[in-house]
Every structure is written in structure tokens, then in C-alpha cells.
1. Listed residues B:Gly56, B:Gly81, B:Gly61, B:Gly67; which is among the small types (Gly, Ala, Ser) and farther than 19 Å from B:Glu126 by Cα?
2. Looking at B:Lys57, B:Lys92, B:Lys74, can you tell me which residue is under 18 Å from A:Val39 (Cβ atoms), charged (D, E, K, R) and without any contact (Cβ under 8 Å) to a residue 60 or more places away in the chain?
3. Quick one: in the stretch A:12-25, which of the residues that are surrounded by 11 or more Cβ atoms within 10 Å (Cβ to Cβ) and modelled with pLDDT of 65 or more is nearest to the other protein chains (Cβ to nearest Cβ)?
4. Please state which one of A:Lys93, A:Lys29, A:Lys67 is of a type in the set (Lys, Arg) and surrounded by 19 or more Cβ atoms within 10 Å (Cβ to Cβ).
5. Applying the selection to the stretch A:46-56, what residues are more than 9 Å from chain B (Cβ to nearest Cβ) and surrounded by fewer than 24 Cβ atoms within 10 Å (Cβ to Cβ)?
6. Please verify whether B:Ala21 is away from chain A (no Cβ under 12 Å), in contact with an Asp or Glu (Cβ under 9 Å, 6 or more places away or on another chain) and modelled with pLDDT under 95, treating the condition exactly as stated.
7. Looking at the stretch A:26-140, what helices (runs of 4 or more DSSP H) fall wholly within it and have at least 3 residues that are closer than 21 Å to B:Phe108 by Cα, at pLDDT below 95 and in contact with a strand residue (DSSP E or B) (Cβ under 9 Å, 6 or more places away or on another chain)?
Amino acid sequence: MLKYLLGAALLGAMLPAPANAQSARVQVKGELVDTWCSVTGIMFAAGTAHHLCAVWCAVGGIPVSIKDADGNYYMILRIAEDDESASNPRFVKIMSHEVTVDGELIERDGTKYLFVTQVRDDQGVVNLTHEDNGIQPFGN
Amino acid sequence: MRKIVLSALFAFAITPSAQAAEAWGIEHEKLVEFSARVVDVACTLKNDCPPDCGGGKRLLGLVTDDGKLRAAAKASTDFAGAVRDLLPFCGKTIQVDGLLIENPAITFVMVQRLRENSTQEWRKAEAFQRDWEALNGKSDEWYRKDPLANRVIAEDGV
């Protein structure tokens, strides 16, 4: 018995712990953005001004996130039963939309990962930024 | 003129050096070279693990030697992620050269070059371009000719 207990204790010590990972049920409202451009600020990466680039990036497999009004980013890894998180046509078609979703949030090593369980609302593209900022990055 | 300047700046910024990772001047960026294990991010977080790291349809990441999970958000190809570059190394430890973006709101990695070990030459992370051209033909601007992107833009406008 002691052997089993020691073995179990040793195994537990060897397994990698999910460092600072936390899981919580959340509701998130915000704009679907291509994470790279939005975070790096390379160009004006919000709303209609950036829609063209956001579509390209989603096709190219740049992670898609929801950016909320407080500037938080939630990197999407799943929508309901759809677990394709790279170059998913479903994402491409709703880039720049304002959505409200329910999901499971897991935060690890400085990034919030979101497993969406339900899309509660989709307002479409409501952030009309192109008149002031043009079409990014190359114009149209 | 503004378009030309923006285009030139963008093109310059996304041209990787043949010698080493290139800084982009992004706030919170660090030039990094590190070894890490290639993982399916959803698998790592939730133990939801299809074969072959999802076969190219899932976001991949890198678990560093000190256990940090870093999503691989960008590769060297314009407007493209690093999934196709990393997929052949699913579960393996590789060496990565690129940028670590440690924004207070989110952290991720741009993979500019990679190799399996130090005996190999670095190769640019541009597998998306390679695979896209195999399907659609050669193009210096894949994004302008992508059928799905053009269909969505035609329907929604820019």
C-alpha cells in the first residue's frame, strides 16, 4: 500500500501543473477582431475600417478574439460543437461583428482563452470607423 | 501618397530577415529565440485532443521549457498564422525565432523562423503561402485572390 501511495505522490509531482490556469463561466460582449492587428496596433484595427484586413487574417489562420469595451481580449478556441479555431469559414463570415456570447473562460500565462457555448446575440457590423480612418491597411 | 507610404511600411515590416528575427517596433514586443513543444492549445487547456493536433484546423501553441503556454498567432506570411508551420511538429520540441508580445491584455508569439534542432538551418515560417499557392496558384498577394475572402467581402463590403 505504501508503494502505491508513494507512487501516486511521485506521479502527481511529475505531472505538469496547469500554471495559473483558471476556469469560469462568463458572458462576453464585444467585437470579433483579428488578434494580431488589433493587439499590435499596426494599423487602425477596429470596425469597418479594418474589416477587409480582419477577413484576410481570419482566412489566414490568425487567431480570432472578442475584444470587449474594456479592452480585454478573449481568444476563441471553439463555438458550440465547432472546434475549428484556425481559418474557420464560420469566423471569416462574422469578422468585425458585435456579438454577445456565453462560454467557458480559461486564463493561462497572460491570455484569456474562450470556449463559446452559445452565441446569444449578433448585431452585425456596428462599429463604423471607415469614414474617419479609411480602409486599412492598403485602402480600396 | 498615404496609401503608398502605408503599403511600403507594411511591406517592410513583414519582410523577415534571412539572419534573425526582426523587430517590428510593437509595444511590449521582445525578440526571442527559444525551444518549446508544439501543442494543440485546446487540447492543452481542456484535454480535448483530436489526432494530429487537429490536422491544421486548430490553433497551435508552444509550451516553453519553463511550462509557459504561448499561442502562435502569426507567421512570416502576410496576414497568416503559424498553424501550418507548426503542424508537422505536433508534440515535438522545436526551436523558434520570433517575437513575444506580452501585452497586459494578452500574450502570444509571432513565429518568424523555426528548426528542429541547432544542427539544422533556420527556415522561414511561410507554410501558409506555400500551401495556399499549391491550391490556388502563385501570387505575391494571396489575400487579394483568396476565393473565400473575396466572396465574404463581395457580400459584406469592406
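The values are calculated or read from the model by the stated rules, or taken from the named source; none is laboratory data. Remember, predicted model here, so these are calculated numbers, not experimental data. All Cβ positions, even for glycine, are placed from backbone atoms using ideal geometry, and neighbour counts span all protein chains on display.
1. B:Gly67
2. B:Lys74
3. The extreme case among them is A:Ala21.
4. A:Lys67
5. A:Ala46, A:Gly47
6. yes
7. A:35-40, A:51-59
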